[in-house]
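The values are calculated or read from the model by the stated rules, or taken from the named source; none is laboratory data. All of these numbers come straight from a predicted model, not from anything done at the bench. Here Cβ is always computed from backbone atoms with ideal geometry, including for glycine, and neighbour counts include all displayed protein chains. Protein only, heavy atoms only, side chains kept; ligands, DNA and RNA dropped before computing areas. Shrake-Rupley method; radii C 1.70, N 1.55, O 1.52, S 1.80 Å.
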Amino acid sequence: MAKLQDKVVVITGGISGIGKASADLFKEEGAKLVLVDLDEQKGNKIAEEMGGDTIFVQADVTSEEDAKRVFDKTIEKYGRIDILFNNAGIGATKPTHEVTYDEYRKTVNVDLDAVFLFSKLAIDYFREQGSGNIINTASMYGWIGAAGSAAYNAAKGGVINLTRSLGIEYAKENIRVNALCPGFIDTPIIPAEVKEALAESTPIGRLGTSEEMAKAALFLASDDSSFMTANTLTVDGGFTAQ
Ligand SMILES: NC(=O)c1ccc[n+]([C@@H]2O[C@H](COP(=O)([O-])OP(=O)(O)OC[C@H]3O[C@@H](n4cnc5c(N)ncnc54)[C@H](O)[C@@H]3O)[C@@H](O)[C@H]2O)c1
C-alpha cells in the first residue's frame, strides 16, 4: 500500500531542490499534489510533466492574498487538504554589519512569517476535517549559530519553536506538526563556490541530496511517524553533533 494514497499535499517551494524531490517521491506514494512557487512558467511545465493529480499555483508565500488563493485552488481541485509542507525558503549569507534592515525583514518574512501564515490557513481546514499534518522545513541552522547568516538562523530557530508550539496546541485535534532540519544539501540555494568547503565540514564528508531529504519528509508526512508531533527531525550528515 502506498504511504500517501490519495492524500492531498500542498508543497511550497515545490519546483526546486528539496520541494521538487519530495513532490516526486510523494507522487510515487500516491499523493495528489499542489505545487506552490514563484516562477509560473517553470511551475506549469513541471506540473504538466508530472501528469495527472498535480497542479501548480503561482504564489508568493509571504502574501496573505496569494496564500488564500492557494487554499481556495486546492479545495476547488481536490475538495480537501491533508498535508501542508512549508518548504519554500531563501538563503542569506552576508556579514551582519552589511545586512540592511529590509534584507533582514525579507529573510524572516519568507523563512518564518510565511510558515505561520500558511499553517494558520491550513489549520482552519484541518480543524473542520478533524485531521491534518504540517511539515516545516527548518534547518540545522535553527539549532546552532553560524557567522554570516544571522537573519536566516533566527528565522529557522523561530520555525523550530513555532513547530513545537503549534504541535502542542493542536495535538488533541488530530493535527500533527513537525519540522525537518536539513544539513548542507546540494540544491540551488547553496552557492557553487562554497559547496566543497561545506562538504568537507560535514562529518559524512559530502553534501546531502534532495532525495535524502524527501525520504525524511515522507516519514513525517506518512503514518510512519504517527506518534510524532511538536518535534524535529535533523538530517545533517553529523554536522550538529560536532
Ligand atoms: N539546501 C540546504 O542546504 C538547506 C539546508 C537547510 C534548510 N534548507 C531549507 O530547505 C528549503 C528548501 O530549499 P532548497 O535547498 O530546496 O532550495 P531551492 O532554492 O532549490 O528551493 C527553494 C524554493 O523556494 C521558492 N521560494 C523562495 N521564496 C519564495 C516565495 N516568496 N514564495 C514562493 N516560493 C518561494 C524558490 O523559488 C525555490 O523554488 C528552504 O526552506 C531552505 O531554507 C536548505
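Do we find that residue 195 is part of a helix (DSSP H, G or I), more than 19 Å from residue 146 (Cα to Cα) and at pLDDT 95 or above in this structure? No: the conditions fail for residue 195. Which one is most open to solvent (accessible area, probe 1.4 Å) among residues in region 212-226 that are touching a strand residue (DSSP E or B) at 6+ places or on another chain (Cβ under 9 Å) and within 12 Å of the ligand (Cβ to nearest atom)? Of everything passing the filter in region 212-226, 212 is most open to solvent (accessible area, probe 1.4 Å). Among the residues of region 26-42, those identified as in a loop (DSSP other than H, G, I, E, B) and within 13 Å of the ligand (Cβ to nearest atom) are 38, 39. Tell me, yes or no, whether region 202-211 has at least one residue that is among the β-branched types (Val, Ile, Thr), open to solvent by 30 Å² or more (accessible area, probe 1.4 Å), out of contact with any His (no Cβ under 6 Å at 6 or more places or on another chain) and closer than 21 Å to residue 152 by Cα. Checked against the condition, which is being among the β-branched types (Val, Ile, Thr), open to solvent by 30 Å² or more (accessible area, probe 1.4 Å), out of contact with any His (no Cβ under 6 Å at 6 or more places or on another chain) and closer than 21 Å to residue 152 by Cα, region 202-211 yields at least one hit. Within region 59-73, is there a residue that is crowded, with 19+ Cβ neighbours inside 10 Å and more than 17 Å from the chain's Cα centre (by Cα)? No.
Checking residue 6 against (1) on the phi < 0 side of the Ramachandran plot; (2) open to solvent by 10 Å² or more (accessible area, probe 1.4 Å), which single condition isn't satisfied? So the condition that residue 6 fails would be (1). Just one of the listed residues (194, 235) is more than 10 Å from the ligand (Cβ to nearest atom) and β-branched (Val, Ile, Thr), and it is 194.
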